[in-house]
Amino acid sequence: MTLDSPSTTSPPRPDTASAPAADAGLRKGRPRPGDRIFSGLARGSGITLLLIMASIAVFLSVQAVVALEANEGNFLTTFEWNVNAEPPVFGIAVLAYGTIVTSLIALVLAVPVSVGIALFISHYAPRRLAAPVAYVVDLLAAVPSVVYGLWGFLFLVPHLEGLYLWLDDYFGWTGIFQYSGGAPRTLFAAGILLAIMIIPIVTNVSREVFRQSPKMHEEAALALGATRWEVVRTAVLPFGRSGVISASMLGLGRALGETMAVALILSPSFDIRASLLNPGGGTFAQNIAASFEEASPTGVGREALIASGLVLFVITLLVNGLARLIIARRKEYSGANA
C-alpha cells in the first residue's frame, strides 16, 4: 500500500493586483483634506461673488425706487435732468444714447486694430520684436484713465478739427458726420479715446488665444502650400473667434463704465443730435461723476444718480450675458474638438 505524498500546493493567495484598485477606491471615497479645503474655498468664492452682486443689485434697486417715486417724468424717455425742480424731472434717454454710441464707436475702431496687433505679435513679428511690442501693450493697459483723459483733453481734442472737416466733406451728406464748427468735444471724440483705452485689453486677451491655436493645424496648412495669411485665416482665426468675442466684451465693459476720461473731454448736454461731430450728449458714468457732488443729500439728486447707475448695471449684465450666448453658439469654432 502506498501512501499519498503530502500536497505541495500552497493555499490560494489574495489577488494582489486588485489592491491598488481598492486603495484608489478608498481614496476616491475619502478625499484628502487638501482637496476638501480647496473645494470649499472655490465654492465659497463663487457664492461670495454671487452675494456681492446680489447686494449691489438690491442696494441700487432700493435707492432707485425712492427717486423713481418722486420723478415727474418718464425715467426711460425723458430728455431732461433737473433733480432740483419741484417736482424733480429726470430721465436717462440722453445718457443711454451717449453711452451706447461711444461704446460702439470704441468697439468699431478698437477691435480690428487689436486683432491685427495680436496677430502681429503672435504670428508675424520676430521674437526680438514681438517681446518689446507686447511689453508696450501691457504698459498701456496700466495707464490710469485720468491720464488718458488729460491727454485727450490737451492733445487729442485740439487736433481733431482736421479729421472732422474731412469727414464733413466726404460723409457729411449722411447727417451722421455733419460738422458745424466749434470745439470737437463730442461723442465721436469720446469714442476715439475709449477705443485707445480698450485696445490693450482686447489685444492681450486675443494674443493669448491666438498663441494657443493648434500647431498641428498650422503645420498641416503650411504643408499643403498655404501662405501665412491663409494659415491665419483658416486655422488661427476660427480657433480664436470665441476668444476675440470675449476680449471684445471685456473692452466693451471698460468702455461702458469709463468715467474720468470721458468727463474730461465731453461737452455734456441733455439733447440728442443726429451728427456725432457736434457737441452734446452724455454718458451714465460721466453724468454721475459730474453731478454727484452737486446733488443735494436731502433731496432725490443722489438717488436719481443711483437709479441711472442701476440702468448701467443692468446694461452691463445684459452685454455679458449676450457674449456668453454668442460664445456658446460658437463652440464648434473654439478648437476644443480638434
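The values are calculated or read from the model by the stated rules, or taken from the named source; none is laboratory data. Please read all numbers here as calculations on a predicted model, not as lab measurements. Because the Cβ atoms are built from the backbone with ideal geometry, glycine has one as well, and the counts that use them run over all protein chains shown.
Answer yes or no: is there a residue in region 182-190 that is surrounded by fewer than 16 Cβ atoms within 10 Å (Cβ to Cβ) and either over 19 Å from Ser122 (Cα atoms) or in contact with a Pro (Cβ under 8 Å, 6 or more places away or on another chain) (or both). Yes, region 182-190 contains at least one residue that is surrounded by fewer than 16 Cβ atoms within 10 Å (Cβ to Cβ) and either over 19 Å from Ser122 (Cα atoms) or in contact with a Pro (Cβ under 8 Å, 6 or more places away or on another chain) (or both).
Residues of region 208-234 that are surrounded by fewer than 19 Cβ atoms within 10 Å (Cβ to Cβ), of a type outside the set (Gly, Ala, Ser) and not in a loop (DSSP other than H, G, I, E, B): Glu208, Arg211, Lys215, Met216, His217, Glu219, Leu222, Arg228, Trp229, Glu230, Arg233, Thr234. Suppose the filter is aliphatic (A, V, I, L, M) and at pLDDT 85 or above; does Leu322 pass it? So Leu322 does not fit the description; no.
Looking at Ser242, is it farther than 17 Å from Ala67 by Cα and surrounded by fewer than 22 Cβ atoms within 10 Å (Cβ to Cβ)? I'd like the intermediate steps shown before the answer.
Numbers: farther than 17 Å from Ala67 by Cα: yes; surrounded by fewer than 22 Cβ atoms within 10 Å (Cβ to Cβ): no.
Answer is no for this residue.
Considering the conditions (1) in a helix (DSSP H, G or I); (2) within 20 Å of Thr77 (Cα to Cα); (3) without any contact (Cβ under 8 Å) to a residue 24 or more places away in the chain, Leu237 is excluded by exactly one of them, (2). Considering (1) at pLDDT below 90; (2) buried (at least 17 other Cβ atoms within 10 Å of the Cβ), the lone condition that Pro126 does not fulfil carries the number (2).
Take the conditions (1) exposed (fewer than 15 other Cβ atoms within 10 Å of the Cβ); (2) free of Cβ contacts under 8 Å to residues at least 12 places away in the same chain; (3) in a helix (DSSP H, G or I); Val146 misses just one of them, which is (2).
Report whether or not Asp138 is among the acidic types (Asp, Glu), surrounded by fewer than 18 Cβ atoms within 10 Å (Cβ to Cβ) and under 24 Å from the mean Cα position of the chain (by Cα). Criteria met by Asp138.
All of Gly162, Gly181, Gly172 fail the test of being free of Cβ contacts under 8 Å to residues at least 40 places away in the same chain and not in a helix (DSSP H, G or I), apart from Gly181.
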